[in-house]
Amino acid sequence: SAVISQKPSRDICQRGTSLTIQCQVDSQVTMMFWYRQQPGQSLTLIATANQGSEATYESGFVIDKFPISRPNLTFSTLTVSNMSPEDSSIYLCSVARVGDTQYFGPGTRLTVL
Amino acid sequence: QQQVKQSPQSLIVQKGGISIINCAYENTAFDYFPWYQQFPGKGPALLIAIRPDVSEKKEGRFTISFNKSAKQFSLHIMDSQPGDSATYFCAGSGGVSGTYKYIFGTGTRLKVLA
């Protein structure tokens, strides 16, 4: 398994601002993912964070809105840019090693006013 | 091709009863099917997972039944307890891409009555 922490755990932000969410894992992992979970809904993959290269985004998500960094094998950040109330959601990072399952962090609950 | 359909959307079970949640997938390349349990305010936690080479996997009160020909799998929670009240997600993963991406079902909100 893996111990994953996310910062911040929650935040309330103003429209038009940006928030950077951090994901830290206690050991090296091959893959890191970022998901969005809207209230009462399922998990939607935003992107795969690739170490040392640009993230791979899913359909409907773009780098300008959700820039991602992954400087090493234990850390990644997701920025939600130019926020609107529609970005209010829970943002989750998950990690996996080759051949292993995905483990999720506790999530960041974002409210945009 | 990528969808995982999950039912029911919500489920109410008496304490001690059996909770059954069903999922169906379309992508025949999927080779890994995990179930996650999520409590309010928490991230999803892996409950149990199965690969298509077996038809059933049991861990304590939790059992996955897998029907490869029908492309269906289900989670059975035996002797359901109020502490099992949570949202459950099934997922499918695998295929040629090797990206280990998961496709999640829509979730089932389980309530176990004391």
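Summary of values
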quantity	calculated
Longest to shortest principal axis, alpha-carbon extents of the stretch A:1-94, angstrom	35, 24, 23
Binned Cα-Cα distance frequencies in chain B - 5 Å width, integer %	2, 13, 24, 24, 19, 10, 5, 2, 0, 0
Beta bridges per DSSP with both ends in the protein assembly as shown, % antiparallel, nearest 5	90
Phi to ³J(HN,Hα) by Karplus 6.51 cos²θ - 1.76 cosθ + 1.60 over the stretch B:34-39, Hz, x for Gly, Pro	x, 10, 10, 10, 10, 8
Whole-number D in µm² s⁻¹ for the protein assembly as shown, Kirkwood Cα-pair radius fed into Stokes-Einstein, 10 °C, 1.306 mPa s	87
A:Val25 accessible area, 1.4 Å probe, all protein chains in place, Å² to nearest 10	10
Relative contact order (%) - criterion: Cα under 8 Å, at least six apart; region: the stretch B:4-113	38
Cβ-isolated cysteines (cut-off 4.7 Å), the protein assembly as shown	A:Cys13
Accessible area buried at the B-A interface, both sides summed, 1.4 Å probe (Å², nearest 100)	1400
The stretch B:35-101: C-alpha gyration tensor shape, a/c 1.5 cut-off, then a/b vs b/c	oblate
Most to least accessible of A:Arg70, A:Arg36, B:Arg61 (protein chains only, probe 1.4 Å)	B:Arg61, A:Arg36, A:Arg70
Relative contact order (percent, whole number), chain A, Cα cutoff 8 Å, 6+ residue spacing	37
Accessible area per residue in Å² at 1.4 Å probe, computed on chain A	46
Occluded residues from the stretch B:36-51, i.e. those whose accessible area drops by 30 Å² or more once the chain is not alone (1.4 Å probe)	B:Tyr36, B:Gln38, B:Gly41, B:Gly43, B:Pro44, B:Leu46
Accessible surface of the stretch A:4-112 [probe 1.4 Å, protein heavy atoms]: carbon and sulfur percent	47
Within the accessible area of chain B (1.4 Å probe), percent carbon and sulfur	51
Entries of A:Lys65/B:Lys101; B:Lys42/B:Lys111; A:Lys65/B:Lys5; A:Lys7/B:Lys42; B:Lys5/B:Lys57 with Cα pairs more than 23 Å apart	A:Lys65/B:Lys5
5 angstrom amide H check on B:Leu47, placed H, neighbours 5+ away	B:Trp35, B:Tyr36, B:Gln37
Shielding by other protein chains, A:99-106, mean Cβ within 10 Å	5
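The values are calculated or read from the model by the stated rules, or taken from the named source; none is laboratory data. This one's a predicted model, so the numbers in the text were calculated from it and none came from an experiment. All Cβ positions, glycine included, derive from the backbone under ideal geometry; neighbour counts span all protein chains shown. In case anyone asks, the SASA skips ligands and DNA or RNA and just uses the protein heavy atoms, side chains included. Shrake-Rupley method; radii C 1.70, N 1.55, O 1.52, S 1.80 Å.
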